[in-house]
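Have a look at the structure below before the remarks.
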Amino acid sequence: MMSTMGATQGSVATSTLPSSIPIDNSSKRLMVTAGRASRTLGASIAGKLGVNLVDPGLRTFSDGEVYCRYQESIRGADLFIVQSICDNEQERLTVNDALMELLVMIDAAAGASARRIIAVAPWYGYARQDKKSAPREPISARLVAKMLETTGVDRLLTMDLHAGQVQGFFSRPVDHMTAMPVLAQYLVDQFKPKADLVIMAPDAGRAKLARRYAQKLGVPYALLEKERPEQQTVKMGYVIGDVKGKSVVIVDDMIDTGGTLAAGAQTAFDEGAVEVVAIATHGVFSGAAYQTLRESPLSQVIVTDTLPQRLNTPDFIRRLTVADILTTSIRSILTDRSVAAIFAGENQLF
Ligand code: R5P
């Protein structure tokens, strides 16, 4: 059985740092702030960049309206606003609060004459609603893009979008990063030396992703046949490929209710796998996800910190940080260097 590990999230002491630094001796100034959905990740990134987080003075009024007033001048700065579009249990923030908060932070920054406003939203909420799957539906991923641009965002830095085409909803630059280097390295370090591994895609949509992981690790890959009879419901079919006697790693972009992984893991076991772990960039874990995963045959679930950690995270969930990847990307954006070079051109996975 593979070992399980406790949940982790780094914290960074930033109190002695300046709140802005000059960039490459030019007149540009770097400033970093964060919304309440992503304060921990924002503080980690700011610390790595050598600045203190700018206090955006966020509040929620008694009727639920969100409010922002930067507590220092941001005039002329390249302002990076770290805010995933997701809920935060500790902050009692819903996904829609987080979106609205991001918008008011952009609006306030535009009004306060920031030079460039860059939204750092590693998890782009609403990305799944990227097309009309049935008549009379909205294309909400496009709506979010329109709102961000109309409000005044100059650029979006995001990670492992549910579908890369979401970038097409923006007319301004989108830097699409991937957590794959961190996740693949973890698999190499923890599992490859001791197991006969197979990478498995949970559905046809992730076949390319599974192939990439398999190539990186030098192991075979398999594919699950999955159907969604309705939203947030999974009907798992069979495995295409050989998992008998193997340790299986299911790779996905996101885990929401956990239904896909639980059903996928069961199918892999039914077809002879000896153990199954899952790896995904975004751990949404909504509703009864923890219970669903706990009751599944998965021995470990690995995600990153693109979303904040939920209360009562079970021990079998391991969180890795993407703060280094985002920090390196921000440095490249600031200094007009290639962002694709960070990933050797392999950042368009979905
Ligand atoms: C599907 O296309 C996605 O890649 C994920 O497999 C899915 O969204 C996960 O959702 P859930 O955990 O609710 O099954």
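The values are calculated or read from the model by the stated rules, or taken from the named source; none is laboratory data. Just so it is clear, the model here is predicted, and its values are computed rather than measured. Every residue, glycine as well, gets a Cβ built from its backbone with ideal geometry; the counts of neighbours run over all protein chains shown. SASA here: full protein model, heavy atoms, side chains in, ligands and nucleic acids out. Shrake-Rupley method; radii C 1.70, N 1.55, O 1.52, S 1.80 Å.
Just the protein heavy atoms count here, and of the accessible area of the chain at 1.4 Å, carbon and sulfur take up 47 percent.
Rounded to the nearest 10 degrees, the inclination of helix 39-49 to the longest alpha-carbon principal axis of the chain is 70 degrees. Compactness of segment 37-165 is given as radius of gyration and Dmax, 14.9, 49 Å, from Cα positions.
Computed with a 1.4 Å probe over protein heavy atoms only, the accessible surface of the chain comes to 43 Å² per residue. In the structure shown, the pairs K146/K226; K146/K216; K48/K246; K208/K246; K131/K192 are assessed against 28 Å; a Cα-Cα span above that value is assigned to K146/K226; K146/K216; K48/K246; K131/K192. Here the 3J(HN,Hα) profile of segment 243-260, calculated from phi with Karplus coefficients 6.51, -1.76 and 1.60 at θ = phi - 60°, is 10, 4, x, 10, 8, 10, 10, 7, 10, 8, 7, 8, 10, 10, 6, x, x, 4 Hz, Gly and Pro shown as x. The helix-based estimate of mean residue ellipticity at 222 nm for the chain, built from -39,500 (n - 2.57) per DSSP H run of four or more residues and divided by its residue count, is -8000 deg cm²/dmol to the nearest 500. Each peptide in 85-92, 316-323, 248-255 was scored by the mean count of other Cβ atoms within 10 Å over its residues; highest first, the order is 248-255, 316-323, 85-92. For segment 173-318, the spherically averaged projection of the C-alpha convex hull amounts to 8.9 nm². From the Kirkwood radius over Cα pairs of segment 230-269, Stokes-Einstein at 4 °C and 1.567 mPa s returns a whole-number translational diffusion coefficient of 116 µm²/s. The value for segment 60-135 of Rg(Cα) / (2.2 N^0.38 Å) is 1.26. Volume of the convex hull of the chain (Cα atoms only), normalised per residue: 139 Å³.
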